[in-house]
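What follows draws every value from the coordinates through simple rules; no lab data is involved. Note that the structure is predicted; figures quoted are calculated from it, not measured. Ideal geometry is used to build each Cβ from the backbone, glycine not excepted, and the neighbour counts take in all protein chains shown.
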Amino acid sequence: MAFQEDLKDKVWKLAEEALKDDQYFVVNVIISGHQPNMKVLVLLDGDDGMDIDVCAEVSRYVGYQLEEQEVISTKYILEVSSPGLDYPLQLHRQYLKNIGRTLKVTVEGESKPFKGELLEVTDSNILLKAEVKEKGKKKVNYEDTEIAFDSIKEAMIVIVF
């Protein structure tokens, strides 16, 4: 397990080195499987969306460095992509870029997730215009709901058609 944590840190640093534009950032590095069938997934995002060319550059750089430094001694799969809408928000920066979008936020100690428009992001919390359904009624009301970052278990973007 220590190897995977060290590898994750190493890949994260390499990906950050490869990002030349400050608008792009590393969201996560996920190591799955074990040698000789290991997968290294690097998730990148950008303040104004992600560019496929940036993913390709980071992939080439990280792959080259892993080979050159002989970090992984067996075959592996390296994948570099954006997290996509089905991946939870993890970084403060991701919340900022999604102001105005609808989120479903699961909170510690709450039985049901909050769903609503992300109105504001501060250093310590988010503000949602959350849907509030009255019991037994179909009418939906909205209430501004402040949620502390440290109480968020998961926040997903809701695709609204």
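Looking at region 2-81 alone, DSSP beta bridges between its own residues are antiparallel in about 55 percent of cases. Projecting label points 7 angstrom from Cα along Cα→Cβ for ASP47 and LYS20 puts them 1.9 nm apart. What pairs in LYS97/LYS137; LYS97/LYS135; LYS20/LYS97; LYS8/LYS104; LYS10/LYS104; LYS20/LYS112 have C-alpha atoms more than 30 Å from each other? In this structure, LYS97/LYS137; LYS97/LYS135; LYS10/LYS104; LYS20/LYS112 exceed 30 Å between Cα atoms.
Maximal additional length on extending the GLU120-ARG101 stretch stands at 5.8 nm, based on 0.36 nm per residue less the C-alpha distance. Stokes-Einstein diffusion for region 2-81, with the hydrodynamic radius set to the Kirkwood value over Cα pairs and evaluated at 10 °C in a medium of 1.306 mPa s, equals 126 µm²/s.
Karplus-derived 3J(HN,Hα) values for region 129-141, using 6.51 cos²θ - 1.76 cosθ + 1.60 with θ = phi - 60°, are 8, 8, 6, 10, 9, 7, 4, x, 10, 8, 5, 10, 9 Hz; glycine and proline are entered as x. In whole angstrom, the chain maps to an equivalent ellipsoid with semi-axes of 37, 17, 13, each derived as √(5λ) from the alpha carbon gyration tensor and ordered largest first. Computed from backbone phi with θ = phi - 60° and the Karplus coefficients 6.51, -1.76 and 1.60, the 3J(HN,Hα) list for region 72-78 is 10, 8, 10, 5, 7, 10, 10 Hz; x is used for glycine and proline. Scan the chain and report its longest stretch carrying no trypsin sites (Lys or Arg not before Pro) that are both in a DSSP loop and have at most 16 other Cβ atoms within 10 Å. It works out to 21-74.
When the Cα convex hull of region 92-157 is projected onto planes of every orientation, the mean area is 4.4 nm².
With the cut-off at under 20 Å, measuring from each backbone N in region 73-117 to a point 7 Å along the Cα-to-Cβ line of GLU5 picks out no residue.
The dipole here belongs to the chain: it is taken about the Cα centre, uses +1 on the Cβ of Lys and Arg and -1 on the Cβ of Asp and Glu, and is about 1000 debye. Summarising the amide proton neighbourhood of ASN98: residues at separation of 5 or more, or on other chains, whose placed amide H is nearer than 5 Å comprise an empty set. I'd like the orientation of helix 52-68 relative to the chain: the angle between its Cα long axis and the longest Cα principal axis, in ° from 0 to 90, rounded to 10. Once rounded, one gets 40 degrees. For LEU44, the amide hydrogen comes within under 5 Å of the amide hydrogens of VAL27, SER81, SER82, counting only partners 5 or more places away or on other chains and with H modelled in the peptide plane.
Give the calculated FRET efficiency between LYS133 and GLN69 to the nearest 0.05, with a Förster radius of 45 Å applied to their Cβ-Cβ distance. Plugging the Cβ-Cβ distance into 1/(1 + (r/R0)^6) gives 0.25. For region 6-75, the set of GluC sites (Glu not before Pro) satisfying both a DSSP loop assignment and a count of at most 12 other C-beta atoms within 10 Å is given as GLU70.
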